[in-house]
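A quick write-up on the structure given underneath.
The values are calculated or read from the model by the stated rules, or taken from the named source; none is laboratory data. These figures come from a predicted structure and were not determined experimentally. Neighbour counts are summed over all protein chains in view; Cβ atoms, including those assigned to glycine, are modelled from backbone coordinates with ideal geometry. The area values use the complete protein model at the heavy-atom level, side chains included, leaving out ligands, DNA and RNA. Shrake-Rupley method; radii C 1.70, N 1.55, O 1.52, S 1.80 Å.
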Amino acid sequence: MLTHCILGMDHGGLALRPVLIGTLGALAVKFEDLGVHGPESVDYPDYAHRVAERVAAAWASAERHVFGLLVCGSGQGMAMTANRHRDVRAAVCEHALAAELARAHNNANVLCLGARLIGAGPAESALTAFVQTPYAGGRHDGRVAAIDVF
Ligand code: RB5
C-alpha cells in the first residue's frame, strides 16, 4: 500500500484541497504539502516538477510506498510535466476504476486530478482506490518497463 504522499497543486486545484487532505488522514497516509496554499495564480509545472523530483528519488531508492498527488484544473498539465521525469508514471484519473487500473496495470506512482472536472466524491474515491490498489505485476512488468525512453 502507498503510505506517504507528496502533495502539490496550483490555484486551479484548490477546490479539492480540503477533501483530499481529509481523505489522506482517513487513510492514515502521511503527506508532505509542497503547496500552493492560497489562490494566487501560479504555474503548474513548478509544482509538478517539485513533486515528481521527490517521487523519482524515492522510487530510485526502492521507497515504493511514496506517491505523488498533483491537482490542477484538468490534471493534464500536471501529468504532462511529471511524466518528463524518469521512473515517474503519472495518471489523470476521474473516478475510482481509472485509479485502480492505473495502479494495478501501470504501476502509477503519481495521481493527477482535475478540480474543474470532478467533485469531492469522485476525488475521494479515486484517491482511495489509488492508495489501496497494489501493482499487479506479472504480465504487466515488461510493458511497464517498456514505457521509458530515457
Ligand atoms: C490554470 O488555469 C490551468 O491551466 C491549470 O490548472 C491546469 O488545468 C493545466 O493543465
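Summary table
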item	result
FRET efficiency estimate (nearest 0.05) - Cβ-Cβ, Glu53 to Ala136, R0 25 angstrom	0.40
Where the chain is the region considered: accessible area per residue in Å², 1.4 Å probe	46 Å²
Share of carbon and sulfur in the accessible heavy-atom surface of the chain [1.4 Å probe, %]	53 percent
Gained length - His95 relative to Leu14, 0.36 nm times residue gap less alpha-carbon distance	27.3 nm
Rounded FRET efficiency, nearest 0.05, which uses the C-beta distance separating Glu40 from Met1 and R0 of 35 Å	0.50
Per-residue [θ]222 nm for the chain (sum of -39500 (n - 2.57) over DSSP H runs n ≥ 4, rounded to 500)	-13000 deg cm²/dmol
Förster radius 30 Å - calculated FRET efficiency between Asp33 and Arg86 (Cβ-Cβ, nearest 0.05)	0.80
Local electrostatic count, His37, Cβ distance below 12 Å [Lys/Arg +1, Asp/Glu -1]	-2
P(r) tail fraction, the stretch 52-150 - alpha-carbon pairs more than 16 Å apart, %	53 percent
Nearest 10 degrees, 0 to 90: helix 44-60 Cα axis against the chain principal axis	30 degrees
